[in-house]
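Below is one structure; the comments refer to it alone.
The values are calculated or read from the model by the stated rules, or taken from the named source; none is laboratory data. None of the values given here were measured: they were computed from a predicted structure. Ideal geometry is used to build each Cβ from the backbone, glycine not excepted, and the neighbour counts take in all protein chains shown.
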Amino acid sequence: MQNSYLISGIVIAVIATYMTRLIPFLFFAKRKPSPMIRYIEWNMPLMIMVILVFYALKDVKWAQYPYGMAEIIGVAVAILIHLKFNNALLSIIISTMTYMFLIQKVFV
């Protein structure tokens, strides 16, 4: 393959990606969003976190040792840290570190 072919492919991908992010702002910048869009905008982070938690817990073997204890403790730590400090990044980092410690050192 020639370098010009690869570079043109990358440039087209960059333009396409940029346009998909720019077009909604161009069309909807002057309109006031509907109440449903405001509701989705306000609750989207929570919805994404709930989906991620269910996705992470779907393959846990609840009937085998350690009976999902590492996952339960990790989720509980995330909830407690988030309720205490109201910082999503902090709760994600600390709960991930707790979970990794548990599966590598405690529930071996």
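What to note about this one:
- The set of residues in the stretch 29-64 being surrounded by 11 or more Cβ atoms within 10 Å (Cβ to Cβ) and of a type in the set (Gly, Ala, Ser) consists of ALA56 alone.
- Contacts under 9 angstrom Cβ, first residue in the stretch 41-52 being in the same structural domain as ALA88 (by TED's automatic domain parsing), partner not in a helix (DSSP H, G or I), 6 or more apart: GLU41/PRO33
- Whichever residue in the stretch 1-57 is within 19 Å of the chain's Cα centre (by Cα) and of a type in the set (Val, Ile, Thr) and, among such residues, is farthest from GLY74 (Cα to Cα): ILE40
- Those helices (runs of 4 or more DSSP H) lying entirely in the stretch 1-104 with at least 3 residues at pLDDT 95 or above: 3-28, 69-85, 88-101
- Meets criteria (surrounded by 14 or more Cβ atoms within 10 Å (Cβ to Cβ) and in contact (Cβ under 8 Å) with a residue 24 or more places away in the chain) for GLY68: no
- Checking each residue in the stretch 27-83 for being more than 20 Å from LEU102 (Cα to Cα) and of a type in the set (Lys, Arg) picks out LYS30, ARG31, LYS32, ARG38.
Residue-by-condition table, conditions (1) closer than 20 Å to MET44 by Cβ; (2) more than 18 Å from the chain's Cα centre (by Cα); (3) assigned by TED's automatic domain parsing to the domain that holds VAL50:
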{"residue": "LYS61", "(1), (2), (3)": "no, yes, yes"}
{"residue": "TYR65", "(1), (2), (3)": "no, yes, yes"}
{"residue": "MET69", "(1), (2), (3)": "no, yes, yes"}
{"residue": "LEU80", "(1), (2), (3)": "no, yes, yes"}
{"residue": "PHE85", "(1), (2), (3)": "no, yes, yes"}
{"residue": "SER91", "(1), (2), (3)": "yes, no, yes"}
{"residue": "ILE94", "(1), (2), (3)": "no, no, yes"}
{"residue": "MET97", "(1), (2), (3)": "no, no, yes"}
{"residue": "PHE101", "(1), (2), (3)": "no, yes, yes"}
